[in-house]
Amino acid sequence: MARYILRRLIAMPFLVLGIVTLAFLLTTVTKGDPLTAIVSDRQMNDPEAVAAAKARWGLDRSLPERYLIYVGNLLSGDLGTSFITRRPVAQDVLFRLPATLELVIAAMLVGTTIGITLGVLAAYFHNTGIDHLARFFALFGSSIPVFWLGLALLYVFSVKWGILPGPGRIDPRADLPAMVTGFMTIDTLLAGKIRLFFDALWHLILPAFVLGWAVAGTISRLVRANMLEVLDREFILTARAKGAGEFRVVVRHALRNTLVPTLTVIGYSFAYLLTGAILTETVFSWPGMGSYAVDAARGLDMPAIIGVTIVGGVVFLLTNLITDIAYVIANPRVRLG
Amino acid sequence: MTRQPLFAVQDLRVAFARDGEYFEAVRGIGFHVDHGEVLGIVGESGSGKSVGVLAALGLQAKTARVRGSARFQGRELIGMPRHELRQLRGSRIAMIFQDPLSSLNPVMTVGAQIAETILLHNPAVSKKQAMDRAIALLELVAIPQPDRRVAQFPHEFSGGMRQRVMIAMAVANDPDLLIADEPTTALDVTVQAQIMDVLADLQKRLNLGLILITHDLGVLAGHADRVAVVYSGEVVEEAGVDDLFKRPSHPYTRGLIASIPNMLVEKERLFSIDGAPPPLGKLPGGCAFHPRCPQAQAICSETAPVLETFGDHGVACHFGRSA
Ligand SMILES: Nc1ncnc2c1ncn2[C@@H]1O[C@H](COP(=O)(O)OP(=O)(O)OP(=O)(O)O)[C@@H](O)[C@H]1O
Ligand code: SF4
Ligand SMILES: [Mg+2]
């Protein structure tokens, strides 16, 4: 197992380089002229201003040259400077990535909990009302557009009933804690601000639910199918014949045997959550990577676009790596084989 | 009042719903077994042997409908509240199944699975004690290096070894009754005899009531005290094992005896009963066996014979006595 993990780790830098190259090349095939993002319309007619801007942002150099410079800078943690915020992209990312991760992890927890529970119930009570209800819930979650659901829930829970806060990560008037991890829930706790912690948690509920619902559907379908298969196996009968109660039979014996495929789908749904986060963040004014990416794309902010792509790609690679390692650990046959 | 047998099944009926209608797979089966006694239940595949004993323990499929009576130490199991039934299962009544490859949980060590059986019924026992007992049990069923094997997963064991683990698990709580549903069918011939020896040895040592389900009457010759022959969900003949082999009274039993694999007989001449048992819901009228019966007469397709007992020998055939 150690050798397998080592092999995967050695492959990582090459994969990252692949992502960097792809991200870089992608920006060269886009239609828009990045100059329009830098130079105002008035200055466009001024050749000197245009030339100066080109030199300032390195747009006068050849593509291979730009690529080499970019990769060189990258090695020292420099992702370039955003056309729009005029701040280092790395700094923007450092601020926004934790916000996205906090949202995505919360959504993952929500989606996994709901998904596994629904899947288990649907399998155990298959072809009954509970099963149909679970299927409807899953289908609804994965077919309804995230932004529509987000807006609808915001309207009902925040505007109409006022039981959940509006968009954002935290009360805008709040005295923010120092940024340590960038996770609002953790930083507020570290600063000992319990009230703010609950405020952050409260803000997290709706977007995490909206984003998590979609993956809950996928997870519940998969868990249901696997549970149906496992519940029919003879060792389930053995467990019952031992005198185990139904809860124990279902959770300890059946669910535990669906752990491997479940872990896999959870790991891979991370990618879905990352893309889903873009819309969710837009709806909930969540200052994360998603809304940053949207702004960057709108403004043809090339450094930001490349930066977001690379960071997203690396996060994706890492979750896949963790998923695969968890797979090996959870499956005794693979572990010993 | 007569003495209570350890386990007595009477007129047990199990039906499955198909297209809104119930069809009986077990049609009023009855048998009993006592402490220290081995009852063999024999019948072809699909005759309702498994369905019957599972239903008696409340382990039937959710779609099944169960009627009749199954008494264990005088207590009625059919309709018993689930938690009471659970206290008996794995503790007073244990079961082992046909396929040792799939009857153990693949993601739990065998030790954890044996210990679970102990812990479920003995809340005062610690995990450590349960594991120690698991090792002792593995030793009891003659698994070499039990202290090492206890921490292994089922896939690290051969089929025969897994069945030994199942047996160890079954006797973990020193049960009164053990139901072995085709314990050797899935195993190699050489291993079959070993497993039967382990079972027979434990049965004697623990004075178990043992129900041995099989479709090979030959297995029962050396191991059972009494035999119930089941056809299409009914007991068609029941007798002491010697009596049954000497005076088989039902044509089906005679067919089963004739088809026992025998080393002395050439393979090609091995007898087998023509035809197949009727599928669920396609029961012929009269005697269920009549389409396959070499002795069938006109009455056989009209009237179903009932089980009649002569001394200790019961048979359900119109010509049972004379045949
Ligand atoms: N869950 C179920 N739903 C519908 N029919 C069933 C179900 N389980 C068993 N049956 C039917 O009940 C009948 C008896 O099956 P059972 O498994 O008891 O046979 P068996 O005597 O144990 O045979 P084998 O030697 O193959 O184990 C079969 O016809 C089978 O198709
Ligand atoms: S009753 Fe008739 S058909 Fe049935 S077993 Fe006896 S002889 Fe054969
Ligand atoms: Mg069976």
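The values are calculated or read from the model by the stated rules, or taken from the named source; none is laboratory data. Note that the structure is a prediction, hence the values are computed from the model and not measured. Neighbour counts are summed over all protein chains in view; Cβ atoms, including those assigned to glycine, are modelled from backbone coordinates with ideal geometry. Calculation scope for accessible area: heavy atoms of the full protein, side chains included, ligands and nucleic acids excluded. Shrake-Rupley method; radii C 1.70, N 1.55, O 1.52, S 1.80 Å.
For an R0 of 30 angstrom, estimate the FRET efficiency from the Cβ-Cβ distance between residue B:295 and residue B:10 and round to the nearest 0.05. Intermediate values should be presented prior to the final figure.
On the way: r = 29 Å, r/R0 = 0.95.
For R0 = 30 Å, the calculated efficiency reads 0.55.
Accessible surface of residue B:161 in the full protein assembly, 1.4 angstrom probe, to the nearest 10 Å²?
Its accessible surface works out to 40 Å², give or take rounding.
Counting only protein heavy atoms and a 1.4 Å probe, tell me what percentage of chain B's accessible area is made up of carbon and sulfur.
On the way: 7650 of 14770 Å².
Its accessible area is 52 percent carbon and sulfur atoms.
To the nearest 10 degrees, how steep is helix A:289-298 against the longest Cα principal axis of chain A, on a 0 to 90 scale?
40 degrees
Using only the alpha-carbon atoms of the range B:80-160, report the extent along each of the three principal axes, biggest first, to the nearest angstrom.
Result for the range B:80-160: principal-axis Cα extents of 39, 30, 23 Å.
Taking each pair of distinct Cα atoms in the range A:46-198 once, what is the resulting Kirkwood hydrodynamic radius in Å? Intermediate values should be presented prior to the final figure.
Details: mean 1/r = 0.0488 Å⁻¹.
It works out to 20.5 Å.
Give me the distance in nm between label points sitting 7 Å out from Cα along the Cα-to-Cβ direction at residue A:60 and residue B:132, one decimal.
Result for the modelled spin labels: 8.5 nm.
Would you work out if the range A:199-337 is rounded, prolate or oblate? Take a ≥ b ≥ c from the square roots of the eigenvalues of the alpha-carbon gyration tensor; rounded if a/c is under 1.5, else prolate when a/b is larger than b/c, oblate otherwise. Could the numbers behind the result be given before it?
Details: a/c = 3.68, a/b = 2.11, b/c = 1.74.
Note, shape of the range A:199-337 comes out prolate.
Leaving out ligands, DNA and RNA, what percent of the accessible area of the range A:89-330 is carbon and sulfur, probe 1.4 Å? Kindly include the intermediate steps, with their values, before the conclusion.
On the way: 7670 of 10570 Å².
Here carbon and sulfur together make up 73 percent of the probe-accessible area.
Which Cα, out of A:111, A:178, A:100, lies furthest along the positive dipole direction of the range A:89-330 (beta carbon charges, K/R +1, D/E -1)?
Farthest towards the positive end: A:111.
Let me know the shape class of the protein assembly as shown, please: from the alpha-carbon gyration tensor, a ≥ b ≥ c as square roots of the eigenvalues, rounded when a/c is under 1.5, otherwise prolate if a/b is greater than b/c, or oblate. Numbers along the way, then the final one.
Values: a/c = 2.88, a/b = 2.72, b/c = 1.06.
In terms of gyration-tensor shape, prolate.
Whole angstrom only: what separates the Cα centroid of the range A:41-108 from the Cα centroid of the range B:143-192?
Spelled out, the Cα-based centre of one part sits 66 Å from the other.
Might you tell me the accessible area per residue for the range B:181-323, computed with a 1.4 Å probe and given in Å²?
I get 51 Å² per residue for this part.
For chain B, what's the relative contact order in percent, using C-alpha pairs closer than 8 Å and at least 6 residues apart? Walk me through the numbers before you get to the answer.
On the way: 612 pairs, mean separation 64.4, N = 323.
With pairs under 8 Å counted, the relative contact order is 20 percent.
Along the charge dipole of chain B, which of B:233, B:40, B:140 sits closest to the positive end, that is, farthest toward it, with unit charges on the beta carbon of Lys, Arg, Asp and Glu (+1, +1, -1, -1)?
Among B:233, B:40, B:140, the one farthest towards the positive end of the dipole of chain B is B:140.
Send over the Kirkwood Rh of the range A:117-206, from the inverse of the averaged 1/r over different Cα pairs, rounded to one decimal Å. Walk me through the intermediate numbers first.
Values: mean 1/r = 0.0639 Å⁻¹.
It works out to 15.6 Å.
In percent, what relative contact order does the range A:89-330 have, based on Cα pairs under 8 Å that are 6 or more apart in sequence?
Working: 316 pairs, mean separation 75.8, N = 242.
Value for the range A:89-330: 31 percent.
How are the alpha carbon pair distances in the range A:108-158 distributed across 10 Å bins from zero to the largest one, expressed in percent?
Calculated P(r), rounded to whole percents: 24, 43, 28, 5.
Can you tell me the dipole magnitude for chain A around its Cα centre, using point charges on the Cβ only (Lys, Arg +1; Asp, Glu -1), in Debye to the nearest 20?
Numbers: 29 positive and 22 negative charges, 211 e Å.
The dipole magnitude comes to about 1020 debye.
Please report the buried accessible area for the interface of B with A, total over both chains, probe 1.4 Å, in Å² to the nearest 100. Provide the component values of the computation, followed by the final result.
Details: alone 15850 and 18310 Å², together 31940 Å².
Chain pair B/A: roughly 2200 Å² of buried accessible area.
Which residues belonging to the range A:230-270 lose at least 50 Å² of 1.4 Å-probe accessible area when the assembly is complete, relative to their chain isolated?
A:234, A:235, A:237, A:238, A:241, A:242, A:243
Per residue, how much accessible area does the range B:39-140 have with a 1.4 Å probe, in Å²? Could you put the intermediate results ahead of the total?
Numbers: 4160 Å² over 102 residues.
Here the residues of the range B:39-140 average 41 Å² of exposed surface.
Using a 1.4 angstrom probe on the protein heavy atoms only, could you order B:290, A:132, A:253 from most to least accessible area?
Values: B:290 45, A:132 95, A:253 5 Å².
From most accessible down to least: A:132, B:290, A:253.
Let me know the charge dipole size of the protein assembly as shown about its Cα centre in debye, to the nearest 20, where only the beta-carbon of Lys, Arg (+1) and Asp, Glu (-1) is charged. All intermediate terms of the calculation are to be shown ahead of the outcome.
Values: 61 positive and 57 negative charges, 212 e Å.
Here the protein assembly as shown has a charge dipole of around 1020 debye.
Extent of the range A:89-330 along each principal axis, from alpha carbon coordinates, in Å, largest to smallest?
61, 42, 37
Which residue, chosen from B:289, B:206, B:105, occupies the Cα position most advanced towards the positive end of the dipole of chain B, where the dipole is computed from +1 (Lys, Arg) and -1 (Asp, Glu) charges on Cβ about the Cα centre?
Sorting the options by dipole projection puts first B:105.
Can you grab the distance from the C-alpha centre of the range B:197-212 to the C-alpha centre of the range A:125-158, Å, no decimals?
Result: 56 Å between the Cα centres.
Take peptides A:118-126, B:12-20 and line them up by average Cβ neighbours within 10 Å, highest first, as a rough protection proxy.
On the way: A:118-126: 21.7, B:12-20: 15.8.
Sorting A:118-126, B:12-20 by mean packing, highest first, produces A:118-126, B:12-20.
Sort the range A:186-242 into rounded, prolate or oblate with this rule: let a ≥ b ≥ c be the square roots of the eigenvalues of the Cα gyration tensor; rounded if a/c is under 1.5, and if a/c is not under 1.5, prolate when a/b is larger than b/c, oblate otherwise.
Values: a/c = 6.06, a/b = 2.36, b/c = 2.57.
Oblate, since a/c reaches 1.5 and b/c is not below a/b.
What whole number of Å gives the distance from the Cα centroid of the range A:282-299 to the Cα centroid of the range B:1-40?
The range B:1-40 and the range A:282-299 have Cα centres spaced 69 Å from each other.
With the other protein chains left in place, how much accessible area per residue, in square angstrom, belongs to the range A:89-330 at a 1.4 angstrom probe? List each step's numbers first, then the result.
Values: 10570 Å² over 242 residues.
The answer is 44 Å² per residue.
Charges only on Cβ, +1 for Lys and Arg, -1 for Asp and Glu: so what's the dipole of the range A:143-238 about the Cα centre, in debye to the nearest 20? Present the calculation step by step, with values, prior to reporting the outcome.
On the way: 8 positive and 7 negative charges, 50 e Å.
Taking the Cα centre of the range A:143-238 as origin, the dipole is about 240 debye.
Just for the protein assembly as shown, what percent of DSSP beta bridges are antiparallel, to the closest 5?
Details: 32 of 51 bridges.
Of the beta bridges lying entirely in the protein assembly as shown, close to 65 percent run antiparallel.
Using just the helices of chain A, give the 222 nm mean residue ellipticity in deg cm²/dmol: DSSP H runs with n ≥ 4 each add -39,500 (n - 2.57), and the total is spread over all residues, rounded to 500. Mind showing how you got there, number by number?
On the way: 15 runs with 240 residues, N = 337.
Computed ellipticity for chain A at 222 nm equals -23500 deg cm²/dmol.
How do A:251, B:236 rank by accessible surface area computed with a 1.4 Å probe, from largest to smallest? Kindly include the intermediate steps, with their values, before the conclusion.
Details: A:251 55, B:236 10 Å².
Of A:251, B:236, the descending order of accessible area is A:251, B:236.
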